[in-house]
Structures are given as C-alpha cells and as structure tokens.
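Since the structure comes first, as structure tokens, the remarks are kept for the end.
Each reported figure results from applying straightforward, stated rules to the coordinates on display, with no laboratory input. Note that the coordinates shown come from a computational prediction; the quantities given were computed from them, not determined experimentally. Ideal geometry is used to build each Cβ from the backbone, glycine not excepted, and the neighbour counts take in all protein chains shown.
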Amino acid sequence: MALILVFPAAGLMPEPNRVQVMADISGVIPDFEIEDLLKSGAIRCDEAPEPGQIQPASLDLRLAVDAYRLRASFLPGKDRTVAEMLQEPGIHLHRIDLTQEGAVLETGCVYLVPLQESLRLPAGLSARANPKSSTGRIDVFTRLVTNKGKAFDEVPMGYSGPLYLEVSPRTFPIKVRPGDRLAQLRFKKKKPETLREKVVSIDLEPPAGEPAGYRAKAHSGVVDLRGLGAHEVSQFWEPVYPQNGRIVLNPEEFYILVSRETVKVPANEAAEMAPIAPELGEFRAHYAGFFDPGFGTNKGGSRAVLEVRSRDVPFILEHGQPVAKLIYEPMTEKPRHLYGGQGSNYQGQGLKLSKHFAV
C-alpha cells in the first residue's frame, strides 16, 4: 500500500482532511461507496432511491414501467444495443404495461424488463448481478442484460448505459409492479487475486416430525411480490420427509432445502453461492447467490437455504452430500451497516420459505 501525501499550495498550511491514502485495493465495494456512486451520477435512477435499496455490499434493482414478452432469450452481442434488438422482427411478441394494478408474468415465458437504474461506471469498476434471495425461493429465474453484452449478469468495467432484467417464472406465476426488486447488483474494484471457498452440504436429518424441505406444487396460484406473508404455504408447497437420510428429486421439480452447515460471512468479506462440480450430480442448487457481510454472524449462525432442481432424471440426494460452494471475496472496506439489521429477513434462518408465505 502506498501513502500519497497531497501538499497545499505555497503559503497554505496542510489540513488533515487533505491527506489521502491511495491503495491498490481489489474487492467488493461497501454500502457507503455505493452511495457515493449514486451521488456522483455513476448510478442513475429514474426515481429517487428507496430506503433499504442499498444493502451492505449490493444495490437492489427496481423494475421500470413496462415489460416485453420475448420469443426467446437473447444476448445483444458486441455490436448491438438491447433497444436495437427489440426493434428487430420476431424478437418480442408484445409490450406489457406494469403500471395501474401491475401485471402477471406467466410460467414458461421469458420477459425482458427495463430497470429504473442505469450506469456510467468509472474505469476500474465492474459489476455482477444475481437474483435476490426471495426471488430464487419462488423459482423465478432472472438474468441481467446490458447493451453490447456478451454474457448475462456481467457489467464490464466502464460500462455506460441502461440495464435490463430477463425474468422467467419457472413454477409460480408472479404479479409485478414498477419498483419491485427481483435482482441486485454487486460492484467490484478489479479482480481479487485470491478467493477462498467453502463447500456446503445438504441437511436431510431434521428433528423428529419436521420436514427437511419443501417441494413446489404444480398449477398453484399467483405469487404477488408485494404480498408479504400473504400466501398460504399449503397452497403452494408440500413438505418433504426423508427416509433414512435421503430423498429422491423428481426431474425438473423445484425444492427448497437447507444446508447442514451454518454460514458466516465476516464484516470484511462478501460471499456468493456457486454451483459445485457437475460430476457430483446433475442438479442445480441455489439460484440466488449473494451473501452480504454480517450474514450468519448472529448468535447461533444462519443456514444457507438452497433452491434445488434435478435435471432430466430422478436423483437420490443423501444427508451430508455436497451440493454447492461458497466463494468469499474481500471487501475494499467494511460496510457501514452489516446484514442482520433492520429489514433483514433471513438472518438466523434455518429451513425457511420466502417472505411471501405465511409463517
């Protein structure tokens, strides 16, 4: 780390606040630096930021006023904008107005929704998107799309332009309105040279009489994203009870399960859940992957809730089987606020459905 001293012009006395520490630091930026990006215009919003939109190490992204039902998912590629793609024949089927009473996005369909936030990132700063925890737990698949994007969820260094969210409900139709938050964005300075990993395994030995997880029911009702605690569990989910520490995953059905281990993310790190090696089983665990600094640091710790789907064939899942991995990245600085404060829905959790369902 290099210490750079900024000296005043001749005849002026040095001021303490004019001594700056410049460091070649890489990592995830904290909440107060995200606030600075908003103030400087590096993050622009159609409407003023809302309370709770800035998380300890990420920014919640809000839906704008319309959506486009797509014929199929797409990436613009290096030479086209998203708006140009939407003008091409056959790319989208129709536009949907999200204002008034909102709109229902149906299962099995792909939608593209402009976001209220846009970016003008400075050099050296990139970003990565992920579904919010509550989005993953209702089996809504989301991916961020940018102009001239060659990969989903990735915002390259220095990107300037609008943001769009691809939304595809997999199990439950969802009712959405402008301002709803389905995804979040994490900003990074450079790429950390070293990352640490932790393997997460499945817990299929719950206390006697309690379920080890839940399986989503087919042909259920609509999940209203603003209906917090308003949906009856039994109308959407059925409990899963293991036999001899194992369950059989039905192909393409959606399960909520929980990790055997507690997960703790210290104040100087952020974490992301990533798929484990495919040779350990043809299933996917955890769609919503960001864990903020402070997660699980409460007394007793917090489990990781896992969104699981088997691919193509039935699959036997056994207690203690590795299902995912946590990748820890350094923070550039400790956040002003840690996860677990006011508005944190999943601190201290065990097996838990999304906040939309009645406890």
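Starting from the amide H of A270, placed 1.01 Å from N in the peptide plane, find each other amide H under 5 Å away whose residue is 5 or more places distant or on another chain.
Amide H to amide H, under 5 Å and 5 or more residues apart or across chains, A270 pairs with E329, M331.
Could you name the lysines whose alpha carbon sits less than 19 Å from that of K352, not counting residues in the same chain fewer than 8 places away?
K132, K217, K264, K299
With angles folded into 0 to 90 degrees, how steeply does helix 31-40 sit against the dominant principal axis of the chain? Use alpha carbons for both and round to 10.
So the inclination is approximately 60 degrees.
Positive end of the charge dipole of the stretch 39-112 (Lys, Arg +1 and Asp, Glu -1 on Cβ, about the Cα centre): tell me which of A83, V110, P49 has its Cα farthest that way.
Comparing the listed Cα positions along the dipole, A83 ranks first.
Could you point to the residue in L225, I316, Y164 farthest towards the positive end of the chain's charge dipole, with +1 and -1 charges on the Cβ of Lys/Arg and Asp/Glu respectively?
Toward the positive end, the furthest listed residue is Y164.
Using the Cα centre as the reference, give the magnitude of the dipole from point charges on the C-beta atoms of the chain (Lys, Arg: +1; Asp, Glu: -1; all else neutral), rounded to the nearest 20 debye.
Details: 43 positive and 44 negative charges, 59 e Å.
Dipole magnitude for the chain comes out near 280 debye.
Using the Karplus curve 6.51 cos²θ - 1.76 cosθ + 1.60 with θ = phi - 60°, what ³J(HN,Hα) values do you get for each residue of the stretch 51-63, in whole Hz, with x for Gly and Pro?
Rounded to whole hertz, the list is x, x, 6, 8, 9, x, 9, 7, 10, 5, 9, 10, 5.
Can you give the relative contact order of the chain as a percent, counting alpha carbon pairs under 8 Å and 6+ residues apart?
Working: 906 pairs, mean separation 70.3, N = 359.
Contact order relative to length: 20 percent.
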